Amino acid sequence: MQPTSIRLSASVLGLLLSLVSTAAFADSEPTVGTLSPISLPNVSPANSDLANRGAYVARTADCMACHREDYSGGVAIETPIGNIYSTNITPSRRYGIGNYTEADLKKALQKGRSPEHQIYPAMPYPSYHGMSDDDISALFAYFQTVPPVEEPPEKTTKLPFPLNIRTLMLAWNVINVPSTENRTGLTPVQQRGEYLVNNTEHCGTCHTPRNLTQGLDKDRYLSGAPLGKWFAPNITPDNNTGIGRWSEDDIVTYLRTGKLDKRAYAGGPMAEAVAHSTRYLTDADLSAMAAYLKVVPVIKTDDYLIPLNTARLPNPISSSITYDLIEQEKYISQAKANSVTNASINSINSPKALYLTHCVSCHGVDGYAQPDARYASIVGLSSIRRAKPDALVNVIGFGAKGALNTAPKMPGFEKDLTHAQIASIANYVRVNFGGLATSTVTESDVKNIMK
Ligand code: HEC
Ligand code: HEC
Ligand code: HEC
């Protein structure tokens, strides 16, 4: 092949692959965030210290989000050209990685090379490239203790020609591995944070925009990227478009619990990261990541976040209405009756009536939801305060089911509501629960966002 055609193949391949984990994590255990570190599963006094350390490393690297909690694989990583399925990485000799040596594991993680073939970068080896030898040794020891699953994943990858030519990845790797560069001048704590963010947690696979070949764009490191129906926001310390206004403690709380009271919520793909990984991390490691995220280069984007104006947020109507389902029921029917009969300004299509009809049963009259039922409070959330209403419109249109949430999933209203009605609800939510002074999402905005 001539160099130009290699480049072309690599970039065509790259453009087609959307190499992020918006996988259909159908099997994730519904779990609830807690306030203190929760105990680490898969750790046993019967195992060596090295293996137990490996269990922690596996959490910091979020292997389970893609390979399942039992590492049996078969989880789809959605790409426009079809799904790439994760593989069985239990120590089964027949179906898993039981024949791997430690050197093989190191090659798979750092170079994207399994003993048989090149691995697709749906497996985040461009990030694991920088994983330390010590951590890989610990992972190797740990994987020997995992119960083998003696069957193949339910589904395996079948890409059409020429995408099935795995050696194409060699050209792609030259351009895109490693996916990040280490900074100089960091304190030891910030360095630890950098290692976790870049080389184990691979936060950038979702939060860094992609270049033309679908590798991570280093110049726009962590500045936010689309993820199917979701958007992973800018997490550089810019005050207006990133998380510059978050304290280090805020970041720790969010990564530990998946939420930040009246400010942010980890739904969808972020819930996966919290549920499988960050909530298990030690305080020291979460603090290190927070310290590092405060010093990454500031990037301002056009994804402007309207600052929180707490004075404009609703007060809970009363504690009983927030917590007492029966009382809430009564209040809702009263409120519905009022807004429907007050026909001069309110029709059944009034924003409030629409909210009360379609959203209130889960998010409550006042947006604070029903904490006992574990629906998400939507008051003050960053996802409803963005100048671009995309995140909110998409969640109304397509619904959400986060791994952190044991509540029934949020349905998508794509079929039940018109674009105009979705616009109307979005405006209602932004003004009443987001504290925005005004909101002017239009029918055609909704149409553009949802297409
Ligand atoms: C973002 C999703 C994702 C994460 C996170 C992830 N993997 Fe993978 N992994 C995959 C996919 C998809 C494949 C299959 C790629 C292919 O078919 O080329 C894979 C393949 C592999 C392979 C190659 C298996 C073989 O066929 O020989 C190994 C080994 C592996 N992963 C180990 C790990 C370990 C260990 C971790 C955690 C440190 C991890 N993976 C984290 C998605 C992921
Ligand atoms: C699988 C993709 C994915 C991964 C991996 C991921 N994130 Fe996210 N992140 C998202 C999405 C999507 C959102 C938006 C969530 C929402 O609005 O419900 C988000 C939201 C956030 C927010 C809140 C920002 C705001 O303005 O509200 C922070 C902070 C964050 N992520 C940090 C991280 C860090 C640190 C890591 C690595 C440990 C990480 N994320 C890994 C997808 C991801
Ligand atoms: C059946 C219950 C239910 C209904 C009805 C419902 N939601 Fe939700 N909503 C949820 C759940 C559960 C979540 C959390 C999802 C997750 O964890 O990813 C959520 C999350 C959200 C979020 C936060 C998104 C984020 O991740 O930042 C917003 C905003 C939201 N809903 C708005 C609405 C609006 C507006 C309506 C009415 C059109 C509505 N919801 C109807 C259950 C519901």
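The values are calculated or read from the model by the stated rules, or taken from the named source; none is laboratory data. These figures come from a predicted structure and were not determined experimentally. For neighbour counting, all protein chains shown are included, and Cβ atoms are generated from backbone atoms with ideal geometry for every residue, glycine included. SASA here: full protein model, heavy atoms, side chains in, ligands and nucleic acids out. Shrake-Rupley method; radii C 1.70, N 1.55, O 1.52, S 1.80 Å.
Numbers below:
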read-out	value
Accessible area (Å², per residue) of the range 49-129, counting only protein heavy atoms and a probe of 1.4 Å	38
Potential extension, D70-D133 segment - 0.36 nm per residue separation minus Cα distance	20.3 nm
Point-charge dipole on Cβ atoms (K/R +1, D/E -1) for the range 188-293, about Cα centre, debye to 20	320
Residues of type lysines that K447 reaches as a straight line, Cα spacing below 20 Å, ignoring anything fewer than 8 places off in the same chain	K229, K388, K415
Å² of accessible area per residue within the range 188-293, as computed with a 1.4 Å probe and no ligands counted	35
Dipole of the chain, positive end: most advanced residue of T208, V146, P269 [Cβ charges, Cα centre]	T208
³J(HN,Hα), Karplus 6.51/-1.76/1.60, whole Hz, each residue of the range 401-406, x for Gly, Pro	9, x, 5, 8, 10, 8
Charge dipole magnitude, Cβ of K and R +1, D and E -1 - the range 310-450, Cα centre, debye nearest 20	280
Spatial separation of Cα centroids for the range 120-168 and the range 384-414, in angstrom	31
Taking the convex hull of Cα positions in the chain, its mean projected area over all directions (nm²)	23.2
Alpha-carbon centroids, the range 231-251 and the range 291-306: separation in whole Å	6
Cut-off under 5 Å, modelled amide H: who pairs with R386 long-range	I306
T310 paired with N182, simple spin-label distance in nm, labels 7 Å along Cα-to-beta-carbon	4.1
Net length gained if the chain between D104 and I326 were fully extended (0.36 nm per residue, minus Cα distance)	74.0 nm
Whether the range 126-238 is rounded, prolate or oblate, judged on the alpha carbon gyration tensor where a/c under 1.5 counts as rounded	oblate
Solvent-accessible heavy-atom area per residue, rounded to whole Å², over the range 310-450 at 1.4 Å	48
Backbone HN-Hα couplings from phi across the range 325-337 [Karplus 6.51/-1.76/1.60, Hz, Gly and Pro as x]	4, 5, 5, 5, 3, 4, 4, 5, 5, 4, 4, 5, 4
Whole-percent carbon and sulfur share, accessible surface of the chain, 1.4 Å	55
Under 17 Å from K401, Cα to Cα: aspartates and glutamates that are on another chain or at least 8 residues apart	D27, E29, E78, E272, E414
Prolate/oblate/rounded label for the range 85-126 (Cα gyration tensor, a/c 1.5)	oblate
Residues N164 and D302, FRET efficiency given R0 of 56 Å [Cβ-Cβ distance, rounded to 0.05]	0.90
For A225, residues with placed amide H under 5 Å, excluding near neighbours	A232
Three-way shape call for the range 85-162 based on the alpha-carbon gyration tensor, with the a/c threshold at 1.5	oblate
Projected label distance in nm at D249 and E414, using a 7 Å step from Cα toward the beta-carbon	4.2
Cα convex hull volume per residue for the range 310-450 (Å³)	113
About the Cα centre, charge dipole magnitude for the range 32-166 (Lys/Arg +1, Asp/Glu -1 at Cβ), debye	360
Sites I175 and E116 - FRET efficiency at Förster radius 25 Å, r taken between beta-carbons, to 0.05	0.60
Under 16 Å from K218, Cα to Cα: lysines that are on another chain or at least 8 residues apart	K300
